[in-house]
1. With the condition kept exactly as written, say whether any residue in the range 68-81 is out of contact with any Ser or Thr (no Cβ under 6 Å at 6 or more places or on another chain), at pLDDT below 65 and surrounded by 13 or more Cβ atoms within 10 Å (Cβ to Cβ).
2. Anything in the range 99-113 that is β-branched (Val, Ile, Thr) and without any contact (Cβ under 8 Å) to a residue 40 or more places away in the chain? List them, or say none.
3. State yes or no: is residue 88 touching a Lys or Arg at 6+ places or on another chain (Cβ under 6 Å), at pLDDT below 65, over 28 Å from residue 162 (Cβ atoms) and surrounded by 18 or more Cβ atoms within 10 Å (Cβ to Cβ)?
4. Consider the range 169-200. How many of its residues are in contact with a Gly (Cβ under 8 Å, 6 or more places away or on another chain) and among the basic types (Lys, Arg)?
5. Can you tell me which residue is modelled with the lowest pLDDT among those in the range 91-118 that are among the aliphatic types (A, V, I, L, M) and in contact with a strand residue (DSSP E or B) (Cβ under 9 Å, 6 or more places away or on another chain)?
6. Since residue 78 meets every condition but one in (1) among the aliphatic types (A, V, I, L, M); (2) within 20 Å of residue 187 (Cα to Cα); (3) not in a loop (DSSP other than H, G, I, E, B), which condition does it not meet?
Amino acid sequence: MKASIGFMIVAAGIGIALGMTLFQTFIDLKTESAAQMQENQELKIHIARLLQETRVQMNQAVLSGTLASGCREDECLMRVGDGHNGYVVGVGKFKGFYRVVQRSAWGETGDCDTLVLIGGTETLLNEYTKLIQQGNTVNSLDSQSRIQFNLDLAQTTRTEREKILNSTETTPIELVVLNPLPGGKGVSACYSFVEILKVK
C-alpha cells in the first residue's frame with residue numbers, strides 16, 4: 001500500500017513538472033510571437049516614415065507613384081516617377097553570400113564588401129540588374145550573371161557582421177534592406193545603395 005501511495009506521489013510530481021514545462025513553453029511561444037509582432041509593427045512604421053520623407057524630398061512626386069508589388073512582411077516597394085524614371089523605393093529582401101570584390105572609381109581602387117545575390121525580392125533584383133545593364137558600375141554581375149551588391153557593414157552589429165562574413169553559397173543569409181532614392185553622382189567605389197535593416 002505504501003509503495004502504491006509512493007508511486008502515485010511520484011507520478012503526480014512528474015505530471016506537475018510536465019505541466020509546468022508545457023506551460024512555460026506556451027509562455028515562451030507567446031512572448032516570441034509578441035516580439036515578432038512588435039518587430040513587424042516597427043518595420044511598417046519605418047516604411048511609413050520612408051514614404052513621408054520621400055514625399056518631402058520629391059515635392060509630391062511620390063503621390064503619382066504606384067506600388068511595385070503587394071506589401072507584406074519585410075517587403076513593400078513603390079515605383080516613383082516625376083523625374084526619377086520609375087525608380088523603386090521601400091523595403092525588400094536580398095538573399096546571398098559574402099564576397100570581396102575589387103572595384104575602381106574616380107581614380108581609386110578598393111576591396112569592397114559585397115553580397116552575391118541568389119534570391120530576394122524580384123522587383124528589387126530586377127531594378128539593380130537593369131541599372132547595371134544601363135552602365136551603372138557601383139554594383140556588377142559575376143561570371144554567372146549574379147549581382148555582386150556592395151554592402152556597408154558599418155551599418156551592422158558585430159553579430160550581424162559575423163553572420164554576413166561567414167555566409168557561403170551553400171549557407172546563404174537573408175537581409176531586409178531599405179532602398180531609398182539614390183544620392184548624387186560621383187560616389188565611392190564601395191558605395192552601397194541600401195540601408196541594412198535586419199540580418200536573418
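The values are calculated or read from the model by the stated rules, or taken from the named source; none is laboratory data. In this text, all values refer to a predicted model and were calculated from it rather than measured experimentally. As a convention, Cβ positions derive from the backbone with ideal geometry for all residues, glycine included, and neighbour counts pool all protein chains shown.
1. The answer is no; no qualifying residue exists.
2. 100
3. Judged against the criteria, residue 88 is not a match.
4. Adding up the residues that qualify gives 0.
5. This residue is 91.
6. All conditions pass for residue 78, except number (2).
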